[in-house]
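Novice: What follows is a structure written as structure tokens; I'll ask about it next.
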Amino acid sequence: MKNSLTNDAVLQQLKSEFGEAIMSSENPFDLLTVEVETSKCKDIIGWLKTNPELQINYLTNIGAVHYPDLRGRELAMVYHIHSLVNNFRIRLKAFLSIDRPEIDSIVDLYAGANWMERETFDFYGVIFNGHPNLKRILNEDSMDYFPLRKEYHLEDATREDKDDRFFGR
Amino acid sequence: MTNLENNTAANSSEFLSDETIDGTITTLNLGPTHPATHGIFQNVLKVDGEKILSSEQTVGYIHRAFEKLAERRPYNQITPITDRLNYCSSPINNMGWHMTVEKLIQADIPKRAQYMRVIIMELARIADHLVCNSVIGVDTGALTGFTYVFQEREKIYDLYEEVCGARLTTNVGRIGGFERDFSPRFHEKLKDFLKTFPKVLNEFDSLLSRNRIFMDRTIGAGPISAQRALDYSFSGPNLRAAGVDYDVRVMNPYSSYEDFDFIIPVGTQGDTYDRFQVRQEEIRQSLKIIEQAYNNLPEGSYKGDVPEFYLPPKDDVYNNMEALIYHFKIVMGETAIPAGEVYHAVEGGNGELGYYLISDGGRSPYRLQFRRPCFIYYQAYPEMITGQNISDAVLTMSSMNVIAGELDA
Amino acid sequence: MGKIEDLQVINGEGYQLGRLEKVVAAARANSVWPLPFATSCCGIEYMATMGSNYDLARFGMERMSFSPRQADLLIVAGTISKKLGPILKQVYEQMAEPKWVLSVGACASSGGIFDTYSVLQGIDRVIPVDVYVPGCPPRPEQIIDGIMKIHDMVRNEPLRRRYSDEYKSLLNKYEIEGNEE
């Protein structure tokens, strides 16, 4: 199936619609990657969904990345959205500060975002405003840290039979 | 039996206002160790008699921290982690990962290796769908089909063993292709499999497909509309059963899928029976793909030219300086990779299996996220079973093919 | 019925003499009711073991007991996370004595490759284990071998073992209450 949309055309449309909220863009491996303003993220996803021409309305994935070195924008939210009609994929990024990791939930746009957002909360502690049931999903409720942030260890802390020197800890 | 008209999953709330059967609402704990759940999931059901009013899910009982683990491992040591995602079809996960890395390093893979991959991946799809469909049979009370097709699954395991030596968690192939060409015994066994399996499949089909009991139990059980399925980001056979012809193999062909002629089966109701039929047809299509790939298997090499990732032959290691260096780097897991960001999706046993890889140029990924189809579509489960009977809920779960390893990462 | 080892049977007209302990043990060993606690990959291999090619029913294990109350052997196949640990312990506590535990696969035995924050590093941290089967996942032959080892243990277990102080102190170590005499 051929792409009927081009990266440039979609980017132009986004820019003319949202102007300043589209902060930067690149095309790694032909996948349009757009960095957007955090507060406008939900609006943009909603616009992409309802736009009759683009029809970018299949949520592929939500994830987060932790960059401890980027001051004030430590957490990156990454949305992969797909247009099944036009066979066009787009990746949206919104950066959050680790002190106030808050972003609007998109559960009312995509029912499937529910668990993806809960997982992101579980792993990175991102707060999704407006999420109906924001609690841990994979880890125990009693867990008191967000394990996928870079500062936390991977290994189980209770192992005694492993010599740290041989396991790079 | 359930009422078909009322069961469009979207209007779940209207069941809550229905008159109760005997005026009492019971709470039923389905799981986490319930035998009918095929894995460790918990569903707290509110039931009125047999009718399910609501359900609350708990998952994460086998959370193994794949994504964190992947941040600590060199690229070729991540393949064994992907094995354990959807362990019913490990080779698809392995090769999806290999293709992701190959995309990042922009390696050229020879046609032969691509076709070989297609053969193995389609075998894996058959194995995956066989488990799912036979387990639907078990849950409707037909154990015969299960024991029967498990013999055939053993043959697929034999084929895996010829290629890589393992049965279930295969770790098959390398970044760059395969570690060796198909052995003569593999060719023999594959020919034998292609000859005998269609008969077995037809027999299995005739056991269930038009079986009155099976049809009564499965038609109308756990339906979902196409619109809701898309809303929930369904993919794979479950989405196709709801009537959307989305298949990554066709939409974004990888590994030369564009060379093969096959159809995407779709259902209409999105219920258990449709999911069963879609999987049955997909097994047939997979056989067709394997036949095409095998009969047109191109000449050439079974591996691409990626010396940084592909372990050199032992002879070279002893006699060739460069090979020794590569060997050392690969074994120690110190291969650097270009920085970049890549998303690659393959059609796994359960749907779009995506790999979102961010490399910062180091020895292991900066971030690797798996798009796990199970995790995403299992959240629609309460909506699908509301208003159904408890026994239908069990069927719905097995027909969705919820694999705990994939779900819980 | 399988072979009864070390059992001296004296046959006479109308009677048969043997050591009660051995007879009971033989009866137990040849009709072990397993409770499959299959969580992940190893569970699929366990299904293959139950299937027609490997056929667990040959060993008197035709009946899977999905209720812990009627089970003799707890087969833990697959990763047990920390979230699941208490549940596994509860299932073990619900089983009636005498009971045995078979730990199938590297994950159940030691955490395996998953030395991570969420995985229990071996089920022997919450319940006592009788036989460990290595492998990731083990082949069905290995699982069967593990089961044969369990059979050996069952055959040779003294009748009074479950009341011994040694056994009680083992259970106490796991904070599980033993049975009263």
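Novice: List the accessible area buried at the contact between B and A, summed over both sides and calculated with a 1.4 Å probe, in Å² to the nearest 100.
Specialist: 3900 Å²
Novice: Where only protein heavy atoms count, and the probe is 1.4 Å, what is the accessible area per residue for the protein assembly as shown in Å²?
Specialist: 39 Å²
Novice: Compute the FRET efficiency between B:I25 and A:S39 as 1/(1 + (r/R0)^6), taking r as their Cβ-Cβ distance and R0 = 45 Å, and round to the nearest 0.05.
Specialist: 0.60
Novice: Assuming R0 = 51 Å, can you tell me the calculated FRET efficiency for the pair A:R159 and C:E13, based on Cβ-Cβ distance, to the nearest 0.05?
Specialist: 0.20
Novice: On to the next question. Using only the alpha-carbon atoms, how far is helix C:41-50 inclined from the longest principal axis of chain C? Give it as 0 to 90 degrees, nearest 10.
Specialist: Relative to chain C, helix C:41-50 is tipped by roughly 30 degrees.
Novice: Can you pull the one-decimal nm distance between simple spin-label points at A:D144 and C:E21, each 7 Å off the Cα toward Cβ?
Specialist: Each label point lies 7 Å from its Cα, and together they span 5.1 nm.
Novice: Output wanted: per-residue J couplings in Hz (rounded whole) for the stretch B:110-121, from phi through Karplus 6.51 cos²θ - 1.76 cosθ + 1.60, θ = phi - 60°, x for Gly and Pro.
Specialist: Listing the rounded values in order: x, 4, 4, 4, 5, 5, 4, 4, 4, 4, 5, 5 Hz.
Novice: Provide the percentage of antiparallel DSSP beta bridges, counting only those with both residues in the stretch C:30-181; round to the nearest 5.
Specialist: 5 percent
Novice: Then there's this: Stokes-Einstein D for the stretch C:63-104 at 10 °C, 1.306 mPa s, Kirkwood Rh over Cα pairs, in µm²/s?
Specialist: 148 µm²/s
Novice: Pull up the cross-link candidates among the aspartates and glutamates for C:K83, meaning alpha carbon to alpha carbon under 12 Å and not fewer than 8 places away within one chain.
Specialist: List returned: A:E140, A:D141, B:D408.
Novice: Continuing with the same structure: Under the definition of Cα pairs under 8 Å and six or more residues apart, what whole-number percent is the relative contact order of chain B?
Specialist: Relative contact order of chain B: 27 percent.
Novice: Now for a different question. Buried accessible area for the C:B pair, summed, 1.4 Å probe, in Å² rounded to 100?
Specialist: Separately minus together, C and B give about 2800 Å² buried.
Novice: Considering only protein heavy atoms, with the full assembly of protein chains and a 1.4 angstrom probe, order B:L407, C:L17, A:L84 by accessible area, largest first.
Specialist: C:L17, A:L84, B:L407
Novice: Using θ = phi - 60° and the Karplus form 6.51 cos²θ - 1.76 cosθ + 1.60, what ³J(HN,Hα) does each residue of the stretch B:242-254 get, whole Hz, x for Gly and Pro?
Specialist: 7, x, 10, 8, 9, 9, 4, 4, 9, 5, 10, x, 10
Novice: Which residues belonging to the stretch B:307-347 lose at least 40 Å² of 1.4 Å-probe accessible area when the assembly is complete, relative to their chain isolated?
Specialist: When all protein chains are present, B:E341, B:Y343 each give up 40 Å² or more of accessible surface.
Novice: Counting only C-alpha contacts under 8 Å and six or more residues apart, can you give the relative contact order of chain C as a whole percent?
Specialist: 21 percent
Novice: Compare C:M50, C:M148, B:M215 by solvent-accessible area with a 1.4 Å probe and give them largest first, with all protein chains kept in place.
Specialist: Result of the area sort, largest leading: C:M148, C:M50, B:M215.
Novice: For the stretch B:268-331, divide the Cα radius of gyration by the Kirkwood radius and give the resulting Rg/Rh value with two decimals.
Specialist: We get a ratio of 1.38 for the stretch B:268-331.
Novice: Could you tell me the largest-minus-smallest coordinate of the C-alpha atoms of the stretch B:128-168 on each of the three principal axes, in descending order and whole angstroms?
Specialist: Cα extents, longest axis first: 35, 14, 10 Å.
Novice: Once you've got the GNM for chain A with C-alpha springs shorter than 10 Å, pick whichever of A:K42, A:K93, A:K150 has the biggest mean-square fluctuation.
Specialist: A:K150
Novice: For the protein assembly as shown, state the average projected area of the convex hull of the C-alpha atoms over all orientations, rounded to one decimal in nm².
Specialist: That works out to 37.9 nm².
Novice: Given the whole protein assembly as supplied and a 1.4 Å probe, what does the accessible area of C:R162 come to in Å², nearest 10?
Specialist: 10 Å²
Novice: Continuing with this model, one more query. Rounded to whole Å and sorted largest first, list the principal axis extents of the Cα atoms in chain A.
Specialist: Principal-axis extents of chain A (Cα, largest first): 59, 35, 34 Å.
Novice: Given a 1.4 Å probe and heavy atoms of the protein chains only, how would you sort B:D261, A:D104, largest accessible area at the top?
Specialist: Heavy-atom accessible area, descending, gives B:D261, A:D104.
Novice: Using Cα springs under 10 Å in a Gaussian network model of chain C, which residue among C:K82, C:K22, C:K99 shows the largest mean-square fluctuation?
Specialist: C:K82
Novice: Continuing with the same structure: State which entries of A:K49/A:K135; C:K89/C:K149; B:K111/B:K155; B:K111/B:K288; A:K42/B:K103 exceed 21 angstrom in Cα-Cα distance in the structure shown.
Specialist: A:K49/A:K135; C:K89/C:K149; B:K111/B:K155; A:K42/B:K103
Novice: Need the per-residue list for the stretch C:91-134: every residue with at least 20 Å² less accessible surface in the complex of protein chains than in the chain by itself, probe 1.4 Å, sorted by number.
Specialist: C:I113, C:F114, C:D115, C:T116, C:Y117, C:S118, C:Q121, C:R125
Novice: Using only the alpha carbon atoms of chain C, find the Kirkwood hydrodynamic radius as the inverse mean reciprocal pair distance, in angstroms to one decimal.
Specialist: 17.1 Å
Novice: Which residues among the stretch A:126-159 fall inside the zone where the amide N is under 11 Å from a point 7 Å beyond the Cα of B:E56, along Cα→Cβ?
Specialist: Correct set: none at all.
Novice: For the residue pair B:N296 and C:E93, what label-to-label distance in nm results when each label sits 7 Å from Cα along the Cα-to-beta-carbon direction?
Specialist: Each label point lies 7 Å from its Cα, and together they span 6.2 nm.
Novice: Short version: ³J(HN,Hα) in whole Hz for each residue of the stretch B:101-107, in order, from phi by Karplus 6.51 cos²θ - 1.76 cosθ + 1.60 (θ = phi - 60°), x for Gly and Pro, what are they?
Specialist: Listing the rounded values in order: 5, 4, 5, 5, 8, 6, 8 Hz.
Novice: Please name the residues of the stretch B:367-409 whose accessible area, counted over protein heavy atoms with a 1.4 angstrom probe, falls by no less than 40 Å² between the chain alone and the full protein assembly.
Specialist: B:R367, B:Q369, B:R371, B:F375, B:Q379
Novice: Here is a further query. Let me see the P(r) profile for chain B: every Cα-Cα distance counted, bins of 10 Å, each bin given as a percent of all pairs.
Specialist: 5, 22, 31, 23, 13, 5, 1, 0, 0
Novice: Turning to a different aspect of this structure: State, as an integer percentage, the relative contact order of the stretch A:1-82 based on alpha-carbon contacts under 8 Å between residues 6 or more apart.
Specialist: Computed over the stretch A:1-82, the figure is 18 percent.
Novice: Leaving out ligands, DNA and RNA, and with a 1.4 Å probe, what % of the accessible surface on the protein assembly as shown is carbon or sulfur?
Specialist: Heavy-atom surface of the protein assembly as shown belonging to carbon and sulfur, 1.4 Å probe: 49 percent.
The values are calculated or read from the model by the stated rules, or taken from the named source; none is laboratory data. All values reported here derive from a predicted model rather than from experimental measurement. A quick note on method: Cβ atoms are made from the backbone with ideal geometry, for glycine too, and the neighbour counts reach across all protein chains shown. Keep in mind that these areas ignore ligands, DNA and RNA; they rest on the heavy atoms of the full protein, side chains included. Shrake-Rupley method; radii C 1.70, N 1.55, O 1.52, S 1.80 Å.
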